[in-house]
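To keep things clear, I will list the structure first and then write my remarks on it.
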Amino acid sequence: MCLPLAIPCSGTLMPREKLGRNLRERDLYLAYFVILILLSCFYDGETSTQTHRAFVPVSELYGRVKNHMAEIRDMVEDDAIAASHTFDLDFCSMAEVWYERSDDLETLVHPEKSNSRLGFVLKVMMFLQDEGLVHVLDREEVRLTEKCRQIVFRYYFNAQRKEALMRLLHQPNGKEPSEHAGS
């Protein structure tokens, strides 16, 4: 049911070899979700086709992915299934993949070489860097390249597509926020 987002890379979709030979299809969908979250860090406005920041700290990106995975994990199963249908993404599998990985950040010297959650996020960023879509500076910050900006401008600024993607990131269950939330 997952939607394979086309990420241009050497004439093909994201190859497993770039992220690790033992990756499963659901790992790739988590990688696509990480990329979506990265792009939302730069393009959060409703109508702006320009990025509103120069870079995203890897720690912030990791934190956002971690928060989204926690929201997905905490969803009622029926809501997760409904959201999966709404957005053509298998949320349950993505969360399983995320939580199968270690969250040990303290002992990692080269997290991108580990099977940790941060390592996975960094592997995705290194893949994007290899494809000329981002620059990763000292494993600490991510900057978009002009090539990436052009892809985003041509693909993600379709009004309906962008609205659906932003709705996904702000309401992962696909429901509108309750007017009585928090009262």
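The values are calculated or read from the model by the stated rules, or taken from the named source; none is laboratory data. Since this is a predicted model, take the numbers as computed values, not measurements. As a convention, Cβ positions derive from the backbone with ideal geometry for all residues, glycine included, and neighbour counts pool all protein chains shown.
Run down LEU3, LEU23, LEU61, LEU28 and say which single residue is of a type outside the set (S, T, N, Q), at pLDDT below 90 and in a helix (DSSP H, G or I). Talk me through it step by step, then tell me what you get.
Working: LEU3 fails: in a helix (DSSP H, G or I); LEU23 fails: in a helix (DSSP H, G or I); LEU61 fails: at pLDDT below 90.
From the options LEU3, LEU23, LEU61, LEU28, the qualifying one is LEU28.
In the stretch 48-58, what residues are over 13 Å from the mean Cα position of the chain (by Cα) and part of a helix (DSSP H, G or I)?
Residues satisfying the conditions do not exist here.
So if I check each of VAL136, VAL56, which one is in contact with a strand residue (DSSP E or B) (Cβ under 6 Å, 6 or more places away or on another chain), modelled with pLDDT of 90 or more, of a type in the set (Val, Ile, Thr) and farther than 23 Å from HIS170 by Cβ? Spell out how you get there, then give the answer.
Values: VAL56 fails: farther than 23 Å from HIS170 by Cβ.
The conditions single out VAL136.
With respect to TYR99, is the statement that it is modelled with pLDDT of 90 or more, among the aromatic types (Phe, Trp, Tyr) and surrounded by fewer than 16 Cβ atoms within 10 Å (Cβ to Cβ) true? Break it down into steps so the answer makes sense when it comes.
Details: modelled with pLDDT of 90 or more: yes; among the aromatic types (Phe, Trp, Tyr): yes; surrounded by fewer than 16 Cβ atoms within 10 Å (Cβ to Cβ): yes.
In short, yes.
Kindly list, by first and then second residue, each pair from a residue in the stretch 38-61 that is within 23 Å of ARG139 (Cα to Cα) and of a type in the set (A, V, I, L, M) to a residue that is modelled with pLDDT under 80 and assigned to a loop (DSSP other than H, G, I, E, B), limited to pairs with Cβ atoms under 8 Å and residues at least 6 apart or on different chains.
LEU39/TYR156
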